[in-house]
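The values are calculated or read from the model by the stated rules, or taken from the named source; none is laboratory data. Values in this document were obtained by computation on a predicted structure and should not be read as measured data. Methodologically, a virtual Cβ is constructed for each residue, glycine included, from the backbone with ideal geometry; neighbour enumeration extends over all protein chains shown. Note: accessible area is taken over every heavy atom of the protein model, side chains too, but ligands, DNA and RNA are not part of it. Shrake-Rupley method; radii C 1.70, N 1.55, O 1.52, S 1.80 Å.
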Amino acid sequence: MKKILFLFSLILLGVSCESTPPTETELYVYLDFTEGQDYGSRFAEDIEQYTELLNLAEEGSSNFGKVKIFPLYDVSSARSKTVKLKEGKGEFEKNVLLRKKDIEKFQAQLLQTLEEMNAQYTGKELNSSHIFEPMCKGIRKLNKSDADRKVILMYSDMLENSDIANFHSKQGNSKKWLERFDAACDPEDVSDLEMFVVYPVDKKNDAKITKAADFWANYFADKGMDDEAFHYDTGIEL
């Protein structure tokens with residue numbers, strides 16, 4: 001009997017050592033529609049990357065979180081839509097097949113929400129582009145979150161064109177832009193954030209996008225973001 005209890009204790013110890021608490025992630029996705037963008041099949045192509053950003057790649061993962069989706073257009077405020085994934089069961093209750101279905105259902109709901117927003121806003125080129133303020137407001141919300149991981153994903157050329165700054169202007173003044181940004185919205189702390197900027201291949205604005213990449217990299221570095229947490233590419237590079 002003692003041997004049986006001893007073996008059972010070892011099994012319990014092994015399970016407890018292997019088990020780790022589930023990770024909660026908040027992912028904010030911003031979709032820039034200021035050039036009349038139509039993201040078409042892009043979301044379906046990137047859905048697996050969203051899964052990885054939420055730490056769900058491992059089969060049967062108990063990790064959980066939510067995705068908030070914001071449109072970017074010609075006003076500084078944006079109404080978001082949210083898709084949530086509940087926490088998976090504990091080690092003794094976990095059913096890998098059921099969890100797989102939960103994640104697939106979450107992916108389908110997320111994809112549908114993204115496509116609905118795309119259908120609502122696509123197709124019309126706008127005269128102005130508010131990127132900074134909606135993004136900054138999102139950062140301030142994320143700062144209040146208790147999530148283990150906080151990620152911002154921007155589908156945008158990051159070319160602000162508003163009363164705060166005009167990245168299309170040949171007389172652009174980075175110093176003045178920074179002063180106006182700080183006056184309009186202080187992101188406070190970005191040291192806990194990861195950011196992925198997915199910019200378009202655009203021959204007309206290629207030089208401006210490249211210049212903007214340096215500006216934003218320096219901006220977030222000055223605000224405390226780790227260099228390795230800032231990603232700027234034509235796709236989600238994980």
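Can you report the number of residues in the stretch 74-100 which are under 21 Å from the mean Cα position of the chain (by Cα), modelled with pLDDT under 90 and not aliphatic (A, V, I, L, M)?
Total meeting the criteria: 3.
Can you name the residue in the stretch 135-157 that is touching a strand residue (DSSP E or B) at 6+ places or on another chain (Cβ under 6 Å) and in a helix (DSSP H, G or I) and is also farthest from Asp186 (Cα to Cα) among such residues?
Here is the first cut: in the stretch 135-157, the ones touching a strand residue (DSSP E or B) at 6+ places or on another chain (Cβ under 6 Å) are 138, 142, 145, 147-156.
Subset that is in a helix (DSSP H, G or I): 138, 142.
On the way: Gly138: 11, Leu142: 13 Å.
Looking at residues that are touching a strand residue (DSSP E or B) at 6+ places or on another chain (Cβ under 6 Å) and in a helix (DSSP H, G or I), I get Leu142.
At pLDDT 95 or above and at negative phi: which single residue out of Asp226, Asp202 fits that description?
Of the residues listed, the single one that is at pLDDT 95 or above and at negative phi is Asp226.
Hey, Ala147 hits all of (1) surrounded by 16 or more Cβ atoms within 10 Å (Cβ to Cβ); (2) aliphatic (A, V, I, L, M); (3) within 26 Å of Gln37 (Cβ to Cβ) but one; which does it fall short on?
Of everything listed in (1) surrounded by 16 or more Cβ atoms within 10 Å (Cβ to Cβ); (2) aliphatic (A, V, I, L, M); (3) within 26 Å of Gln37 (Cβ to Cβ), Ala147 misses just condition (3).
Looking only at the stretch 52-68, filter to residues that are surrounded by fewer than 19 Cβ atoms within 10 Å (Cβ to Cβ) and among the small types (Gly, Ala, Ser); which one of those is nearest to Pro21 (Cα to Cα)?
Gly60
Out of the stretch 27-53, which residues are in a loop (DSSP other than H, G, I, E, B) and touching a residue at least 40 places away in the same chain (Cβ under 8 Å)?
If the condition is that a residue be in a loop (DSSP other than H, G, I, E, B) and touching a residue at least 40 places away in the same chain (Cβ under 8 Å), then Phe33, Thr34, Gly36, Gln37, Asp38, Tyr39, Gly40 are the ones that fit.
Within the stretch 165-203, can you find the residues that are among the aliphatic types (A, V, I, L, M) and open to solvent by 20 Å² or more (accessible area, probe 1.4 Å)?
Leu178, Ala183, Ala184, Val201
Can you pull out every residue in the stretch 204-238 that is open to solvent by less than 50 Å² (accessible area, probe 1.4 Å) and of a type in the set (Asp, Glu)?
Answer for the stretch 204-238, where residues must be open to solvent by less than 50 Å² (accessible area, probe 1.4 Å) and of a type in the set (Asp, Glu): there is none.
Taking the residues in the stretch 1-33 that are at pLDDT 95 or above and of a type in the set (S, T, N, Q) as candidates, determine which candidate is least open to solvent (accessible area, probe 1.4 Å).
Here the answer is Thr25.
Condition first: hydrophobic (A, V, I, L, M, F, W, C), more than 19 Å from Thr82 (Cβ to Cβ) and crowded, with 19+ Cβ neighbours inside 10 Å. Now tell me which residues in the stretch 34-51 satisfy that.
Across the stretch 34-51, there are no qualifying residues.
Is it true that Ile236 is aliphatic (A, V, I, L, M) and in contact with a helix residue (DSSP H, G or I) (Cβ under 7 Å, 6 or more places away or on another chain)?
yes
Can you tell me how many residues within the stretch 115-134 are without any contact (Cβ under 8 Å) to a residue 60 or more places away in the chain, among the hydrophobic types (A, V, I, L, M, F, W, C) and either surrounded by fewer than 20 Cβ atoms within 10 Å (Cβ to Cβ) or part of a loop (DSSP other than H, G, I, E, B) (or both)?
1
Would you be able to say whether some residue in the stretch 71-91 is within 13 Å of Leu27 (Cα to Cα) and either open to solvent by 80 Å² or more (accessible area, probe 1.4 Å) or part of a loop (DSSP other than H, G, I, E, B) (or both)? Break it down stepwise before answering.
Of all residues in the stretch 71-91, those within 13 Å of Leu27 (Cα to Cα) come to 80-85.
Filter once more, so that each one left must be either open to solvent by 80 Å² or more (accessible area, probe 1.4 Å) or part of a loop (DSSP other than H, G, I, E, B) (or both): 80, 84.
Looking through the stretch 71-91, at least one residue is within 13 Å of Leu27 (Cα to Cα) and either open to solvent by 80 Å² or more (accessible area, probe 1.4 Å) or part of a loop (DSSP other than H, G, I, E, B) (or both).
In this structure, is Asp202 assigned to a loop (DSSP other than H, G, I, E, B), more than 25 Å from Phe43 (Cα to Cα) and acidic (Asp, Glu)?
no
Let me spell it out: the conditions are (1) assigned to a loop (DSSP other than H, G, I, E, B); (2) closer than 17 Å to Lys150 by Cα, and Glu194 meets all of them except one. Which number is the exception?
Condition not satisfied by Glu194: (1).
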